[in-house]
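Asks: Right, I'll just put the structure down here and ask away after.
The values are calculated or read from the model by the stated rules, or taken from the named source; none is laboratory data. Keep in mind that what you see is a predicted model, and the values were worked out from it rather than measured. Here the Cβ is made from the backbone with ideal geometry for all residues, glycine too, and neighbour counts use every protein chain on show. SASA here: full protein model, heavy atoms, side chains in, ligands and nucleic acids out. Shrake-Rupley method; radii C 1.70, N 1.55, O 1.52, S 1.80 Å.
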Amino acid sequence: MPESQLIAVTYIGTETPFQDRIYRSRLTFDPDQTRELPPELAAKFLLHADVFKAAEVKAKEPAKGKTATEPKDDTLKTLEEASKTEDDRRQKENQRFELHQQIDKMDKQALRDWTKLKFQQELPGNLGVEKMRDRVKGFVDQFGAP
């Protein structure tokens, strides 16, 4: 993202270090630290006026040995990693949800056979189909998708 599109935000809160958990950016801030953020994320942070304030972007000349294209800090890298982690989490959650939907369509015998095949667990035949589905979903949640 071009630097001209970034908005500088300064952390003025008291928590040391502050880690963003609300917007899942995983950014950490020390008191009075300024980071340049994408406009969407900066707007969300600036809604919390007791913790963040807008800051001036200071045009700095590159230090010796550095080029103008090198990042000033790890903000963009951290945001990229957080986005990838969130995408992975959503994908796993979607797979789990799809498996739960498949389980909801199975009858008693299919549930017993599938559980025996995938989890090597025996389900009692005298359980009702709803309780059996709940148990199989519990196996999926406990042991992961087979």
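Asks: For the structure I just gave you, tell me whether GLN121 is among the polar types (S, T, N, Q) and not in a loop (DSSP other than H, G, I, E, B).
Replies: Working: among the polar types (S, T, N, Q): yes; not in a loop (DSSP other than H, G, I, E, B): no.
So GLN121 fails the test.
Asks: Just to be sure before I move on: is ASN126 closer than 30 Å to ALA43 by Cβ and modelled with pLDDT of 90 or more in the structure I sent? Give the steps one after another, and end with the answer.
Replies: Working: closer than 30 Å to ALA43 by Cβ: no; modelled with pLDDT of 90 or more: yes.
For ASN126, the condition - closer than 30 Å to ALA43 by Cβ and modelled with pLDDT of 90 or more - is not met.
Here is a yes/no grid of residues against (1) closer than 21 Å to GLU80 by Cβ; (2) small (Gly, Ala, Ser):
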site: ASP32; (1), (2): no, no
site: PRO38; (1), (2): yes, no
site: PHE45; (1), (2): yes, no
site: ALA54; (1), (2): no, yes
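Asks: Do we have any residue at all in the stretch 6-24 that's in contact (Cβ under 8 Å) with a residue 24 or more places away in the chain, basic (Lys, Arg) and more than 12 Å from VAL51 (Cα to Cα)?
Replies: yes
Asks: Working only within the stretch 8-25, note down all residues that are touching a strand residue (DSSP E or B) at 6+ places or on another chain (Cβ under 7 Å) and modelled with pLDDT under 90. Please lay out each step first, then the result.
Replies: Quick first cut of the stretch 8-25, residues touching a strand residue (DSSP E or B) at 6+ places or on another chain (Cβ under 7 Å) only: 8-12, 17-19.
If the condition is that a residue be touching a strand residue (DSSP E or B) at 6+ places or on another chain (Cβ under 7 Å) and modelled with pLDDT under 90, then PRO17 is the only one that fits.
Asks: Among the residues of the stretch 55-75, are any closer than 30 Å to ARG89 by Cβ and modelled with pLDDT of 90 or more?
Replies: Initially, the stretch 55-75 is screened for residues closer than 30 Å to ARG89 by Cβ, giving 71-75.
Those left that are additionally modelled with pLDDT of 90 or more: none.
No, the stretch 55-75 contains no residue that is closer than 30 Å to ARG89 by Cβ and modelled with pLDDT of 90 or more.
Asks: Cβ-Cβ distance below 9 Å, separation of 6 or more or different chains: which pairs start in the stretch 31-52 with a residue that is closer than 8 Å to ILE12 by Cα and modelled with pLDDT of 90 or more and end on one that is in a helix (DSSP H, G or I) and open to solvent by 20 Å² or more (accessible area, probe 1.4 Å)?
Replies: PHE52/LEU46
Asks: Ok, one more. Among LYS84, LYS137, which is surrounded by 12 or more Cβ atoms within 10 Å (Cβ to Cβ) and on the phi < 0 side of the Ramachandran plot? If you could, list the steps in order and put the result at the bottom.
Replies: On the way: LYS84 fails: surrounded by 12 or more Cβ atoms within 10 Å (Cβ to Cβ).
Criteria check complete, one pass: LYS137.
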